1. What's the ranking of 85-94, 138-147 by average number of surrounding C-beta atoms within 10 Å, highest first?
2. Taking K and R as +1 and D and E as -1, what net charge do the other residues with C-beta under 12 Å from the C-beta of S430 add up to?
3. Any chance you could run the full-extension gain for Q145 through L484? It's 0.36 nm times the residue separation minus the Cα-Cα distance, nm to one decimal.
4. Can you give the extra length, in nm with one decimal, that the chain gains between N292 and A134 once fully stretched, where that is 0.36 nm per residue apart less the Cα-Cα distance?
5. Between beta-carbons, use under 9 Å as the cut-off and find the net charge around L265, counting Lys and Arg +1, Asp and Glu -1.
6. Take the alpha-carbon centre of the range 94-155, take the same for the range 388-426, and report the distance between them in whole Å.
7. Which residues' amide hydrogens lie under 5 Å from the amide hydrogen of G333, considering only partners 5 or more residues apart or on another chain, with H built in the peptide plane?
8. Once phi is turned into ³J(HN,Hα) by the Karplus curve 6.51 cos²θ - 1.76 cosθ + 1.60 with θ = phi - 60°, what whole-Hz value does each residue of the range 373-385 show in order, with x for glycine and proline?
Amino acid sequence: MSRTRIEGLLAAFPKLMNTGKQHTFVETESVRYVYQPLEKLYMVLITTKNSNILEDLETLRLFSRVIPEYCRVLEESEISEHCFDLIFAFDEIVALGYRENVNLVQIRAFTEMDSHEEKVFRAVRETQESEAKAEMRRKAKELQQARRDAEKLGKKTSFGFVSGGISSSSVASVITDTIIEPEKPKMMPTVMRPSGPSKALKLGAKGKDVENFVDKLKLEGEQMSSSIKCSSEVSKVLSAPVNVESVHLKIEEKIVLVCDRDGGLQNMEVHGMIMLRVTDEKQGRIRLQVENDDKKDIQLQTHPNVDKKLFTTESSIGLRNPGKSFPLNNDVGILKWRLQTTDDAFIPLTINCWPSLSATGCDVNIEYELQEISLELNDVIITIPLPAGPGTLLISELEGEYRHDIRKNILEWCLPVIDAKNKSGSMEFSFPGHPNDFFPIHVSFVSKKNYCNIQVSGVNHVDSNSPVRFSLETMFLVDRYEIL
């Protein structure tokens, strides 16, 4: 329903009420208003005339019980002040126009469950930042003391920084070259010794040179980490078909998955929907043949205007009134499904992360494995948080590409394709920190094949049963995919 239509229905409600009688609903030719007075206000549900009024009244009472949870007085100003809190609570009661099986205690828990975790996360992050700053000040004092000691001894020995077999003189030279010639970025994180004179930092240099060296090293780190870039954008994998027919179907699925770091599945939900768009009036009276080869015990639900008996007996989607046509030039959801499970066997892509303490910080081994081998995942990005503060990222093993975002303190492991031929891989790196600093891990991907094996095999006219040309696009997306 458009916003204008909803506003028109709400504007008509006060005119339809008869104050001389006590009722809980009023009907028009197209809709039914179910309402309940709340002092000077009204709580109103707008439903279709064929809906179950007993369920509507129960839903209405639950809505009315939610409001006092957030509003001290039932006045318009108080409602407006807490409008977003009420919207979030209402969203737990009704989803896609259908009532959810929840009570007041569950609604309160769902809307407040993340607050404690957020406070703990912020406290831990602030502690890490303060520790990193203290460590940075301590290192700076050690550098200054070393410089003063060297000046007293009259020596001019160069610093012994070594990173992956590369001396600081080479790094300093490359830094200088990069700053002077920014139009020639280095595409691989391999530093070659230049043929020119060495510009290594010396202990006898002034303190300002030390600061400049640190600043340049940061700049070089940013350039080198961003030289290997991941494709963070969704590629043309999910682009719509070039030849879109007058009957166009879209199958869309979204997954929400939360796992423990030890591999246990906390919760997994997959929501899917088939949407139909008809642009030719001659093709409006059609039926769709659906093939459901899924063995995961999903819950299917058709649109209220779809003939449920026909779908149950023949797996065919058609209107309850065969004489009517599907709406023109409008995306109509005709079938939706839902899968919810805590069974580890249903996880499509497992992520296993093993951080272990070492002398220099943490050695992190992370690997992936595709369990649902029928899928082909594209543009996979595995995002690993890194501790704030100074530190050198050392990649010792890598399949695919990576991007180190210093400003956001994250490491993105990018894999173009994960499928049956490339169903597993690993990455190993070292970075200063503690094992808990590298969680939670976030995963994102796209796919042209849906997780629940539901497809549309054909479209036919209602009268002649002749086939109708149609186009189809399928997408499987990530709404939330976390390893805590």
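1. Top of the packing list down: 85-94, 138-147.
2. Net charge in that neighbourhood comes out at -3.
3. 117.8 nm
4. 50.9 nm
5. Counting the neighbours of L265, the net charge comes to -3.
6. 21 Å
7. L276
8. Karplus values, whole Hz, x for Gly and Pro: 5, 6, 7, 10, 9, 10, 6, 7, 10, 9, 9, 10, x.
Read the figures in this text as sums done on the coordinates, not as results from a lab. These figures come from a predicted structure and were not determined experimentally. With ideal geometry, Cβ positions are generated from the backbone for all residues, glycine too; neighbour counts draw on all protein chains shown.
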